[in-house]
Amino acid sequence: MRSSDEMMELILSVAKQDERVRAVYMNGSRTNPNVRPDSLQDYDIVYVVSDIESFRKDVNWIRVFGELIIVQQPDENDLALGIEVDVTQSYAYLMLFEDGNRIDLRLVTIRKMLEQYGKDSLTTPLLDKDLHLADISPASDESYWVKKPSEAEHFNCCNNFLWCAQNVAKGLSRDELPYAKQMFEVIVRADLHQIIDWWIGSQHSYRVSTGMFGKYYKKLLPIELWELYEKTYAGANLEASWDSLTTACELFKRVAQEVSIVHQFSYLEEEHEKMMVYLEQLHMKNEE
């Protein structure tokens, strides 16, 4: 596997040798000082170019970066589906190479760069041939910090979690595994993640990122809460799925109550207790 130094040298040498590329900057985890580097990190690279169409017409130009396993061109895919995309201003190549390295490369025009450069706090300039890149602060994950909830947002999250928990229980009671799993993982878990994010945010004065899909939970949650969170995952076994739902409800209540106290919100105590009785009734009926 090529090292990070080799990859960065390649990315920059391609840009330096191509007159169409006028500047280069990087986003993503490789710019984040709070993330420990590893070999699986993508290279989230932006090439500021004078012309996108010439790159787009040359389907093989990206092979300069290495032998590919697969490439995704999301803008091209959208166009094929009839989705309107302005490929004259921005165009992406997501590339996975045979040595395991991955480059997510986006080409943007100078005009597009001027609109967006620096708005993502995880931005590091790498090359600027024409001095178009404005001075920006050192990269940080500030753009991804958990946002403090309003009382309405907190209520909606708690209300929706409890409401959709009974949908999961109905699916399990009917032995409708696909429905129950989708309802849990797509809807219920999203609300569970939201309340956990707020709890973690409140513990760090809302100056913390939990990562995409809560990928930093293990290092940010105390061991007791993390172990509860782990138990919210289950296989295809229906009884295990009932247990994971019950555990999710317990975990949700614990963190939601603490978030409520910190922000002086009210929690749906009565509704939660009644819902737990209802879920238990469905579970007992299912065992008969």
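Read-outs: derived from the displayed coordinates by stated rules, not from any lab. Everything numeric here is computed off the predicted structure, so don't read it as measured data. All Cβ positions, glycine included, derive from the backbone under ideal geometry; neighbour counts span all protein chains shown.
A compact table of results
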read-out	value
Nearest-20 debye value, the chain charge dipole, Cβ charges on Lys, Arg, Asp, Glu	400
Pair D58, N167: separation of 7 Å Cα→Cβ label points (nm)	4.9
Using θ = phi - 60° and Karplus 6.51 cos²θ - 1.76 cosθ + 1.60, couplings along segment 15-31 (whole Hz; Gly, Pro as x)	5, 5, 7, 9, 5, 6, 8, 9, 7, 9, 9, 10, 10, x, 5, 5, 9
Segment 13-34-segment 154-218 distance, computed between alpha-carbon centres (Å)	36
Farthest toward positive dipole pole in segment 108-251 [+1 Lys/Arg, -1 Asp/Glu at C-beta], among L122, F184, Q166	L122
Radius of gyration and maximum dimension Dmax of segment 1-126, Cα, Å	14.3, 40
Over segment 68-226, volume per residue of the alpha carbon convex hull, in Å³	223
Rough spin-label spacing in nm, given labels placed 7 Å along Cα→Cβ, for T124 and M276	4.7
Cβ crowding within 10 Å averaged over residues, with 270-279, 183-192, 208-217 ranked highest first	183-192, 208-217, 270-279
Candidates V59, V49, V24: whichever shows maximal mean-square fluctuation once the chain is modelled as a Gaussian network with Cα springs under 10 Å	V59
The chain, Cα convex hull volume normalised per residue, Å³	169
Among T246, M8, L131 the positive-end extreme of the charge dipole of the chain (Cβ point charges)	L131
Segment 1-68: equivalent-ellipsoid semi-axes (sqrt of 5 x gyration tensor eigenvalues, Cα, Å)	24, 14, 11
Cα Rg, Dmax, segment 145-287, angstrom units	14.9, 46
Inter-label distance for Q89 and E9, nm, one decimal - labels placed 7 Å from Cα along Cα-to-Cβ	3.8
Cross-link pairs K148/K181; K170/K231; K148/K218; K170/K215 - those with Cα-Cα distance over 26 Å	K148/K181; K170/K215
